[in-house]
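The structure appears below as structure tokens.
The values are calculated or read from the model by the stated rules, or taken from the named source; none is laboratory data. Everything numeric here is computed off the predicted structure, so don't read it as measured data. Cβ placement follows ideal geometry from the backbone for every residue including glycine, while neighbour counts extend to all protein chains displayed.
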Amino acid sequence: METINIIIDLFPYALLGSILAGIICSFLGVFVLSQRAVFLGAALTQVSIAGVAFSFLHLVNLEVMLGSYFSIDVIENSFLHHFEHTFFSLLFSMIAVLIFSQSYRQKLITQDGLLGIIFVIAIAVRIMFIQKSPIAEVSEIEAILKGDILFIGANEFYTMLVILLIIFLIFGLFSKQLKFVTFDSETASAHGINSRFWLLFFYLTVGIGISLTTRFVGDVFTFAYLIIPSSIGMIMAKKVSQVFIIAVIIGAVIPPVSIFLAFTFDFSSGPTAVVVAFVIFIIVYMVKRLL
Amino acid sequence: MKDNYLISLSGLSIGYKNKIIHSNINLKITDNDFIGLVGPNGSGKTTFLRTLLGTLKPLAGNIDKDGVRFGYVPQRDTVQPLLPYSVFDVVMMGRYSLKGLFEKIEKEDIAIAGESLEKVGISSLKNMNYNSLSGGQRQRTLIARALAVNPNVLILDEPTNGMDTPSHYSLLSLIEDLHDQSKLTILLVSHLLSDVANLAKKIILFEKDNFQCGNIDDILSEENLSKTYSTGIKISKIGSEFFITSKHTHANGNN
């Protein structure tokens, strides 16, 4: 109980933010998994980090430009202070999603192959960007690039809350289109629904979600929570709605519990959250096999 | 209906980008037609269907299909969902294309989906998981989804592929009923020439650089089919039923 109080006192936004990050990833994960696009999740986490690394080159000083335009002190305003990292993280992810969404037009390389190339190139350019960054401490940049649950502050928390609401709104309002184009895009097109547009729209939404959660809680947590809770949902559920509900519950519950375990046993919170999710997955998988 | 036709294709060229697959297609599809589309792989059947459905732009010419609503049944193997959709969920998708962006599903939509399930004889399966169905049941589900659109024209792409014999004939019987009783115009793509010959009223035969359309008796000659498929084709008729088979050449050269 004492540990819980300490965590609540010291990291209130981390605790709440971990729940939001878990919900965002697990909810989007159902879409990613149902589209057999798991590797897209992996690639986007790395592309997102490459975008943040690019921002450290300070080739375009967006923060100063926006600060002077809106007459805001960049140093004082913590949101604007980190705007460039988030902006380039999102920009890089959007470009990757656009490239991926157009890959069906060609037959020279498979989508998996393309994602594999995006994945390794993102890692390679990240290293190159960091090497050319004017900031001397590479290890410090690496730590900032990869995010950490415990570093979630008020800005990150409210940004994720807004993103979560937007994602729920989009997937709720356009659930008809979502169901049809993800189930059978060919027939949806034949029946007059613009499958290409809708798939691109949903993938861009996924890209925004993945990009921001990677920025705030790290690539390992994001990728793990895209895949593991939705996989558990698919194993357990008998209806589509149940898949989403189970995935979201797991995505919401395990991260704060993992922060508690990480504190108790002196582990890093991100990897602990991944391992705990994996343990739950194994238990569910074994029980399902035995039944 | 315009001058006795539902769809009119005039001077139509189909293909991709700069590659024309067929050109100068002139065809009128009338109400309650039953047209079989046959031809070897790569002869342009799918390109023709996509152009007709509007998912592929014609390279030239015109398609007059105002007021026509298509119900499309894709090849079963192309639909392999990971999510546990129920049969009813799948059939309801047929109603989605008729709804506006923010329009909700109404009681009428649910009733139409239920009727569609009834028409194809799988009302009892409505709560079953689509993934747990047999091939024949899945195909009926996809047909029910196409019927939920309330179509004028039902397009079926290889509906009996990979089915066992009872399911195969049961499905053909359903398609025949939909044509006869529901008065639907049907376009059936199939590799099984006998099925098309026995069900359809007209036939479109796609060759590599040619396109023939006409009545069954005009198009289905051994000479015509042998030329199209580049192999010997034998046509037998027992009663009113066609049996179209390939003439296999044995190693000793005898047929």
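The set of residues in region A:215-239 being at pLDDT 95 or above and of a type in the set (A, V, I, L, M) consists of A:A224, A:L226, A:I227, A:I228, A:I232, A:M234, A:I235, A:M236, A:A237. With the condition kept exactly as written, say whether any residue in region A:42-62 is within 17 Å of A:E156 (Cβ to Cβ), free of Cβ contacts under 8 Å to residues at least 60 places away in the same chain and touching a His at 6+ places or on another chain (Cβ under 8 Å). There is at least one residue in region A:42-62 that is within 17 Å of A:E156 (Cβ to Cβ), free of Cβ contacts under 8 Å to residues at least 60 places away in the same chain and touching a His at 6+ places or on another chain (Cβ under 8 Å).
The test for being more than 14 Å from chain B (Cβ to nearest Cβ) and on the phi < 0 side of the Ramachandran plot does not hold for A:Q35. On the stretch given as region B:71-97, residues that are aliphatic (A, V, I, L, M) and more than 11 Å from chain A (Cβ to nearest Cβ) total 2. The lone criterion from (1) over 13 Å from A:T222 (Cα atoms); (2) under 17 Å from the mean Cα position of the chain (by Cα) left unmet by A:V279 is number (2). A:G172 - would you say it is more than 10 Å from every other protein chain (Cβ to nearest Cβ), at pLDDT 90 or above and over 18 Å from the mean Cα position of the chain (by Cα)? Judged against the criteria, A:G172 is a match.
Any residue in region B:22-33 that is surrounded by fewer than 21 Cβ atoms within 10 Å (Cβ to Cβ), in contact (Cβ under 8 Å) with a residue 40 or more places away in the chain, in a loop (DSSP other than H, G, I, E, B) and of a type in the set (A, V, I, L, M, F, W, C)? No: region B:22-33 contains no residue that is surrounded by fewer than 21 Cβ atoms within 10 Å (Cβ to Cβ), in contact (Cβ under 8 Å) with a residue 40 or more places away in the chain, in a loop (DSSP other than H, G, I, E, B) and of a type in the set (A, V, I, L, M, F, W, C).
Residues to consider are A:I210, A:I193, A:I227; find the one that is within 14 Å of chain B (Cβ to nearest Cβ), of a type in the set (V, I, T) and touching a Ser or Thr at 6+ places or on another chain (Cβ under 8 Å).
Residue meeting the stated conditions: A:I193.
When A:M236 is tested against (1) within 14 Å of chain B (Cβ to nearest Cβ); (2) of a type outside the set (G, A, S); (3) at positive phi, only condition (3) is not met. Taking the listed residues A:I283, A:I232, the one that is of a type in the set (A, V, I, L, M) and within 27 Å of A:F119 (Cα to Cα) is A:I232, with no other qualifying. Is there a residue being touching a helix residue (DSSP H, G or I) at 6+ places or on another chain (Cβ under 7 Å) and outside any helix (DSSP H, G or I) anywhere in region B:208-218? Looking through region B:208-218, at least one residue is touching a helix residue (DSSP H, G or I) at 6+ places or on another chain (Cβ under 7 Å) and outside any helix (DSSP H, G or I). Filtering region A:17-31 to residues that are surrounded by 24 or more Cβ atoms within 10 Å (Cβ to Cβ) and either in contact with a Cys (Cβ under 8 Å, 6 or more places away or on another chain) or farther than 19 Å from A:E156 by Cα (or both) leaves A:G29, A:V30.
B:N62 meets the conditions (1) in contact (Cβ under 8 Å) with a residue 60 or more places away in the chain; (2) surrounded by fewer than 20 Cβ atoms within 10 Å (Cβ to Cβ); (3) out of contact with any Asp or Glu (no Cβ under 8 Å at 6 or more places or on another chain) in every case but one. The failed one is (1).
Every listed requirement among (1) within 13 Å of another protein chain (Cβ to nearest Cβ); (2) crowded, with 21+ Cβ neighbours inside 10 Å; (3) not in a loop (DSSP other than H, G, I, E, B) is met by B:R50 save one, (2).
Annotation: B:Q212 fulfils all but one of (1) surrounded by 18 or more Cβ atoms within 10 Å (Cβ to Cβ); (2) in contact with a strand residue (DSSP E or B) (Cβ under 6 Å, 6 or more places away or on another chain); (3) free of Cβ contacts under 8 Å to residues at least 60 places away in the same chain; the unmet one is (1).
Looking at B:L56, is it part of a loop (DSSP other than H, G, I, E, B), more than 9 Å from chain A (Cβ to nearest Cβ) and among the hydrophobic types (A, V, I, L, M, F, W, C)? Yes, satisfied.
Just a yes or no: is a residue in region A:41-62 under 13 Å from the mean Cα position of the chain (by Cα), crowded, with 20+ Cβ neighbours inside 10 Å, in a helix (DSSP H, G or I) and within 14 Å of chain B (Cβ to nearest Cβ)? No, because not a single residue in region A:41-62 is under 13 Å from the mean Cα position of the chain (by Cα), crowded, with 20+ Cβ neighbours inside 10 Å, in a helix (DSSP H, G or I) and within 14 Å of chain B (Cβ to nearest Cβ). Among the residues of region B:70-85, just one is free of Cβ contacts under 8 Å to residues at least 60 places away in the same chain and outside any loop (DSSP other than H, G, I, E, B), namely B:T78.
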